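I have placed the structure first, in the form of structure tokens, so that the comments after it can refer back to it.
The values are calculated or read from the model by the stated rules, or taken from the named source; none is laboratory data. Bear in mind the structure is a predicted one, so any value in this text is a computation, not a measurement. Note: ideal-geometry Cβ built from the backbone for every residue, glycine included; neighbour counts use all protein chains shown.
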Amino acid sequence: MNRPPQGRSFGGRRFQNGPGRSQPEVPGLATRRVAARLVDGVLSRTRSLDASLEIEHDPCGFRALDERDRALARAIAGVTLRRLGTLRTLVAGKLEKGLPKKGGLLEAILVTGAAQALYMQVPAHTAVDLAVATARADPDARHFAGLANAVLRGIVADGAPPETPGADVPGWLYARWTRTYGPEAAARIAESVGAEPALDLSVKAGPEQWATRLGGVALPTGTVRLVASGLVSALEGFSEGAWWVQDAAAALPARLLGDIEGLRVIDLCAAPGGKTAQLAAAGAEVVAVDKSAERLMRLSQNLARLGLSAATTVADAATLSAEPADAVLLDAPCSATGTTRRHPDVGWLKRESDIAGLARVQAQLLDSAVRLVKPGGLLVYCVCSLEPEEGERQIDALLARNPRVRVVPARPEELPGVEEAIDPSGYVRTLPFHFPHEDRRLAGCDGFFAARLRVG
Ligand SMILES: C[S@@+](CC[C@H](N)C(=O)[O-])C[C@H]1O[C@@H](n2cnc3c(N)ncnc32)[C@H](O)[C@@H]1O
């Protein structure tokens, strides 16, 4: 006789109800367990949300869910991470002795449960009951199912707290933004990164037409912006390769190279290829370099969909030797704090001490990039970080150690609609509240730094 499967299967439809017994799972429970596991990867600093969704062995059971439940699990994890500071404070306020040491998924269950009750349209009793059931089904958290029930009922009874600027940004990061940009701008950055981002597309041609066809708006820099919903691959123009997804701020650095038609351009740290696509679409002969063969393969697939081409080289850009090019674009690995709006887990996964290590790598990459530019050619350096050590200070230090390099300041007419991003040194520094729009869903951008340099 075939017996029903026993025990726990992440994302499956069965869970352990007691020794040797298995019953059909409560509807919605698998989705909550997956959401808690996605968030747990971030709380334990073991996996980013994207990594949990992409890793082959599917550590959270995400792929076992159907499409609707996947969307819900992702939404719960996303809202939780966007509100994590507030949710952790609320949970801590209900726990006299703090979180139990061996609670397994307990913290993730509590914050995802509270997020659904306070910030999503999930009835509070459903959010609490499913959180308690998720705790019962976890081998460690089950000892604290009663505690989970009491904590969540208390949080629900109090309701959502008033918004406090910076409450959902990790303390170390908010303190940095306050020091760097001042308290008012830091609060505006925090508010902007707390909102759901729009979907930004770089189009090969005809931004106005594509904005009309897709029901979005064309930004003055040429990016087409839509309110995100559903699968990107289902949107008109995806399969014919008319556009690719790229934040409006991420599309600025390649523009700084100006007219590159027919020029040879080396794109360092190129994968997954958003900037390579821009360079190739502008008519350059592009060599895309990345140290990850797997990510370069994804770049080639992306370019193939777009009907664009570039040569690819798997190499460490810090030691690459190649024939110098007319221009080089270096999009260096960085703390990525400027992408907090799209990746609300960034600050929770990183430590402040990571920044110094990244800055050292960026300096090596910059020195190598300078060597790869023909005399008289241009180098654009960029990072998706809000931290000056990775941006402004990095270029200041390069100028001080290499007399061959000088800044070619960005000009306002090159950045229509975002002229305020040009600083007194001629560097480009976008902040998440740039690209304002009356419809809040269409406002904002990633925090990027870019500098254009001439190598003599
Ligand atoms: C910020 S992402 C680049 C995004 C890309 N430029 C785009 O527009 O789509 C950073 C990339 O740098 C690559 N990378 C990191 N260190 C590198 C190195 N030393 N040499 C070459 N590539 C590197 C990573 O594999 C990753 O693909």
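Tabulated values for the structure
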item	result
Considering residues of the stretch 352-371 that are within 12 Å of the ligand (Cβ to nearest atom) and of a type in the set (S, T, N, Q) only, the residue nearest to Q394 (Cα to Cα)	Q362
A145 out of contact with any helix residue (DSSP H, G or I) (no Cβ under 6 Å at 6 or more places or on another chain) and aliphatic (A, V, I, L, M)	no
Failed item in (1) under 21 Å from L279 (Cβ atoms); (2) touching a helix residue (DSSP H, G or I) at 6+ places or on another chain (Cβ under 9 Å); (3) crowded, with 21+ Cβ neighbours inside 10 Å, with A336 passing the rest	(1)
Verdict on A228 being over 25 Å from F433 (Cβ atoms) and either hydroxyl-bearing (S, T, Y) or in a loop (DSSP other than H, G, I, E, B) (or both)	no
Subset of the stretch 220-259 (residues that are polar (S, T, N, Q) and either under 15 Å from P272 (Cβ atoms) or surrounded by fewer than 24 Cβ atoms within 10 Å (Cβ to Cβ) (or both))	T221, S229, S233, S239, Q246
Which listed residue, of V408, V383, is more than 16 Å from the ligand (Cβ to nearest atom), among the β-branched types (V, I, T) and within 23 Å of A250 (Cβ to Cβ)	V408
Cβ pairs under 6 Å, 6+ apart, first in the stretch 70-96 and in contact (Cβ under 8 Å) with a residue 12 or more places away in the chain and over 21 Å from V346 (Cα atoms), second aromatic (F, W, Y) and buried (at least 18 other Cβ atoms within 10 Å of the Cβ)	none
Enumeration of residues in the stretch 435-452 that are assigned to a loop (DSSP other than H, G, I, E, B) and either among the small types (G, A, S) or crowded, with 23+ Cβ neighbours inside 10 Å (or both)	F435, A443, G444, C445, D446, G447, F448
Residue satisfying condition, being farther than 29 Å from P220 by Cβ and either touching a Ser or Thr at 6+ places or on another chain (Cβ under 8 Å) or not basic (K, R) (or both), within set G357, G391	G357
Criterion: more than 16 Å from L329 (Cβ to Cβ), in a loop (DSSP other than H, G, I, E, B) and in contact with a strand residue (DSSP E or B) (Cβ under 6 Å, 6 or more places away or on another chain) - qualifying residue of G426, G417	G426
Residue ID - farthest from the ligand (Cβ to nearest atom), chosen from residues in the stretch 274-290 that are in contact with an Asp or Glu (Cβ under 8 Å, 6 or more places away or on another chain) and not in a strand (DSSP E or B)	G283
Leading residue by the ranking (farthest from the ligand (Cβ to nearest atom)) among those in the stretch 318-343 that are among the β-branched types (V, I, T) and within 16 Å of S385 (Cα to Cα)	T340
Near pairs, Cβ below 8 angstrom, 6+ apart or cross-chain, from the stretch 349-372 (in the same structural domain as L330 (by TED's automatic domain parsing)) to any residue that is charged (D, E, K, R) and surrounded by fewer than 18 Cβ atoms within 10 Å (Cβ to Cβ)	L349/R45; A359/R393; V370/R404
Qualifying position, being of a type in the set (G, A, S), closer than 20 Å to Q246 by Cβ and modelled with pLDDT of 95 or more, among G357, G376, G444	G444
Residue in the stretch 244-262 that is more than 13 Å from the ligand (Cβ to nearest atom), among the aromatic types (F, W, Y), within 24 Å of the chain's Cα centre (by Cα) and under 25 Å from A198 (Cβ atoms) present	no
Which numbered condition P165 fails, given (1) under 22 Å from W348 (Cα atoms); (2) in contact with a Phe, Trp or Tyr (Cβ under 9 Å, 6 or more places away or on another chain); (3) modelled with pLDDT of 95 or more	(3)
Subset of the stretch 68-108 [of a type in the set (D, E) and closer than 18 Å to L152 by Cβ]	E96, E107
Contacts under 7 angstrom Cβ, first residue in the stretch 409-424 being more than 12 Å from G222 (Cβ to Cβ) and not assigned by TED's automatic domain parsing to the domain that holds F435, partner modelled with pLDDT of 95 or more and surrounded by 15 or more Cβ atoms within 10 Å (Cβ to Cβ), 6 or more apart	none
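Table: residues versus (1) more than 11 Å from the ligand (Cβ to nearest atom); (2) surrounded by 24 or more Cβ atoms within 10 Å (Cβ to Cβ).
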site: D316; (1), (2): no, no
site: D345; (1), (2): yes, yes
site: K350; (1), (2): yes, no
site: K374; (1), (2): yes, no
site: E392; (1), (2): yes, no
